[in-house]
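Visitor: I have a structure I would like to understand better, so I am pasting it below and will then ask my questions one at a time.
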Amino acid sequence: MIRIIKLTVYLLALLAVTIVSVKTVNYKLDHLKQARTEVSQVTADMRQKQLDCLARNIYHEAGYEPFEGKVAVAQVTINRAESGQFPSDICQVVYQKNIVYEKVLCQFSWYCDQASLKKPMNGPVYTESMEVAKKVLLEGFRIDSIKSALYYHADYVNPGWKRQKVAQVGRHIFYR
């Protein structure tokens with residue numbers, strides 16, 4: 001009789017361990033599925049929209065700059081989205097406006113200019129801007145000296161910033 005009781009207790013313990021193990025494995029698998037879903041929420045449409053916003057910004061800010069100048073402008077745009085100091089979406093970074101002393105200021109001056117909101121007129125320059133956007137956003141192409149830059153201005157402008165200069169590429173001076 002004691003053997004039967006021991007065997008029953010042993011089988012019940014084995015059953016309990018099996019149930020707990022199965023629940024643990026299922027919990028971990030569900031957690032991994034959820035994490036994978038959260039990581040891969042970027043759809044093809046969303047990625048295309050990001051590319052379009054980035055290409056438009058490159059076109060207006062550095063359309064007639066050499067390749068490196070276009071890359072540097074794209075890189076600053078992405079740096080801002082990844083910095084935590086600006087919106088985390090590239091389009092929101094490009095189209096961000098601030099109000100200072102009741103005046104609307106755009107992060108990128110071309111966006112405040114209503115004439116530039118039309119579709120870009122110079123096809124080849126826009127095509128090159130899109131290619132740079134793809135290289136920077138999709139392939140991770142970067143210029144080392146710009147990796148910490150969040151700001152820039154044209155070399156013919158003097159905004160009087162007290163920021164640390166990190167590089168000059170083409171007609172733009174870059175700051176962290």
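The values are calculated or read from the model by the stated rules, or taken from the named source; none is laboratory data. On a predicted model such as this, the values are computed, not experimentally measured, just so you know. Quick reminder, even Gly has a Cβ in these numbers, built from the backbone with ideal geometry, and neighbours come from all protein chains shown. For accessibility, only protein heavy atoms count, side chains too; no ligands or nucleic acids. Shrake-Rupley method; radii C 1.70, N 1.55, O 1.52, S 1.80 Å.
Visitor: How many residues does region 98-136 hold that are at pLDDT 95 or above and within 19 Å of the chain's Cα centre (by Cα)?
Guide: The qualifying residues number 8.
Visitor: Taking Glu139 as the residue in question, decide whether it is part of a helix (DSSP H, G or I), surrounded by fewer than 14 Cβ atoms within 10 Å (Cβ to Cβ) and out of contact with any Lys or Arg (no Cβ under 6 Å at 6 or more places or on another chain).
Guide: no
Visitor: Could you tell me whether any residue of region 103-123 is surrounded by 11 or more Cβ atoms within 10 Å (Cβ to Cβ), assigned to a loop (DSSP other than H, G, I, E, B) and of a type in the set (A, V, I, L, M)?
Guide: No: zero hits.
Visitor: Okay, next question. Does Glu68 fit the bill of being more than 15 Å from the chain's Cα centre (by Cα), assigned to a helix (DSSP H, G or I) and at pLDDT below 95?
Guide: no
Visitor: Sticking with this structure for a sec: Can you go through Ile99, Ile58, Ile78 and tell me which one is in contact with a Lys or Arg (Cβ under 7 Å, 6 or more places away or on another chain) and either surrounded by 16 or more Cβ atoms within 10 Å (Cβ to Cβ) or outside any helix (DSSP H, G or I) (or both)? Full working, then the answer.
Guide: Working: Ile99 fails: in contact with a Lys or Arg (Cβ under 7 Å, 6 or more places away or on another chain); Ile78 fails: in contact with a Lys or Arg (Cβ under 7 Å, 6 or more places away or on another chain).
Matching residue, one of Ile99, Ile58, Ile78: Ile58.
Visitor: If you go through region 159-167 one residue at a time, do you hit one that is within 19 Å of the chain's Cα centre (by Cα) and either loosely packed, with under 11 Cβ neighbours inside 10 Å or in contact (Cβ under 8 Å) with a residue 24 or more places away in the chain (or both)?
Guide: No; the residues of region 159-167 include none that is within 19 Å of the chain's Cα centre (by Cα) and either loosely packed, with under 11 Cβ neighbours inside 10 Å or in contact (Cβ under 8 Å) with a residue 24 or more places away in the chain (or both).
Visitor: Select from region 27-55 the residues that are of a type in the set (S, T, N, Q) and at pLDDT 80 or above and write down the one among them that is least open to solvent (accessible area, probe 1.4 Å).
Guide: Gln50
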